[in-house]
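Right, one structure below, let's go through it.
The values are calculated or read from the model by the stated rules, or taken from the named source; none is laboratory data. The shown structure was predicted, so the numbers you read here are calculated from the model rather than taken from an experiment. Every residue, glycine among them, receives a Cβ derived from its backbone with ideal geometry; neighbour counts consider all protein chains shown. Remember, those area values only see protein heavy atoms, side chains included, never the ligands or the DNA or RNA. Shrake-Rupley method; radii C 1.70, N 1.55, O 1.52, S 1.80 Å.
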Amino acid sequence: MEEMFDKLKEQAYKAKDGAVKLTKTVIGKTNNVVSQTKVKFAISETEDKIKEIYCEMGKSAYERYKSSGECCETVAEKCGKLDALMDELGELKEQLAELKETVQCPSCGAYNHTEDAYCSKCGEKLNNTEDDDDEQTVTITAKRPEIIED
C-alpha cells in the first residue's frame, strides 16, 4: 500500500513540475506579446506625430508661399523634428522585429522570419549566418547482413 502512495506522490510531483514549466513558458510568451503590443503602440504614436508635423510643415510652407513666395524658417525647424521622429520610428520598428524574431531584407527592407533563407517580397538571399552554423552533416554507412548457416 505504501508503495502505491509513493508512486502516486512521485506522479503528483512530476505533474506539478510540468505545470510549473508550462506556466513559465506561458508567462514568457505573454510577456513577449505584451512587449510587442507596447512597441506597436509606440510606433503608432510616433507615426501620428510625424503626420501632425507633416501637416504643420505643409501648412506653414504653403501659407508662407502664398503670402511671399518663399519658404520660412519654421519649415527648417519642423524638418529637424521630423528627422528625429523618423530615427525614433526606425528604432521602434527594429525593436519590434527583434521581438517578433524577424530579420530585415538587405535589398528591399521587408521583414522576414529568421528561418527564411530568401526574402518573401523580393526573393533576395537573406543573411542568416546563424542557421548555417547549426547545420551538421551525418554520414550513415550500411553493412550487408551476415548470413549464418547452420
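Quickly run through the stretch 102-114 and pick out the residues that are more than 18 Å from Gly90 (Cβ to Cβ) and modelled with pLDDT of 90 or more.
Step one: filter the stretch 102-114 for residues more than 18 Å from Gly90 (Cβ to Cβ), giving 113-114.
Matches in the stretch 102-114: none.
Which residues, taken from the stretch 45-64, are among the hydroxyl-bearing types (Ser, Thr, Tyr) and surrounded by fewer than 15 Cβ atoms within 10 Å (Cβ to Cβ)? It would help to see each step written out before you state the result.
Taking the stretch 45-64 and keeping what is among the hydroxyl-bearing types (Ser, Thr, Tyr), we get 46, 54, 60, 62.
Within the stretch 45-64, Tyr54, Tyr62 qualify.
Output the number of residues of the stretch 51-80 satisfying the condition of being in contact with a Leu (Cβ under 8 Å, 6 or more places away or on another chain) and among the charged types (D, E, K, R).
0
If we keep just the residues of the stretch 77-90 that are open to solvent by 90 Å² or more (accessible area, probe 1.4 Å) and under 30 Å from Val103 (Cβ atoms), which is farthest from the chain's Cα centre (by Cα)?
The extreme case among them is Asp83.
Any residue in the stretch 15-33 that is under 30 Å from Asp83 (Cβ atoms) and aliphatic (A, V, I, L, M)? Outline the logic, then answer.
Narrowing the stretch 15-33 to residues under 30 Å from Asp83 (Cβ atoms): none.
The answer is no, given that none of the residues of the stretch 15-33 is under 30 Å from Asp83 (Cβ atoms) and aliphatic (A, V, I, L, M).
Give me the pairs, please: first residue somewhere in the stretch 1-26 and at pLDDT 90 or above, second residue anywhere and surrounded by 10 or more Cβ atoms within 10 Å (Cβ to Cβ) and not β-branched (Val, Ile, Thr), beta-carbon distance under 6 Å, and either six or more positions apart or on two chains.
Listed pairs, sorted by first residue: none to list.
Within the stretch 105-126, can you find the residues that are touching a Ser or Thr at 6+ places or on another chain (Cβ under 6 Å) and open to solvent by less than 70 Å² (accessible area, probe 1.4 Å)?
Asn112, Cys122
Residue-by-condition table, conditions (1) out of contact with any strand residue (DSSP E or B) (no Cβ under 6 Å at 6 or more places or on another chain); (2) open to solvent by less than 40 Å² (accessible area, probe 1.4 Å); (3) outside any helix (DSSP H, G or I); (4) of a type outside the set (A, V, I, L, M, F, W, C):
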{"residue": "Ala19", "(1), (2), (3), (4)": "yes, no, no, no"}
{"residue": "Thr23", "(1), (2), (3), (4)": "yes, no, no, yes"}
{"residue": "Val34", "(1), (2), (3), (4)": "yes, no, no, no"}
{"residue": "Phe41", "(1), (2), (3), (4)": "yes, no, no, no"}
{"residue": "Lys66", "(1), (2), (3), (4)": "yes, no, no, yes"}
{"residue": "Val75", "(1), (2), (3), (4)": "yes, yes, no, no"}
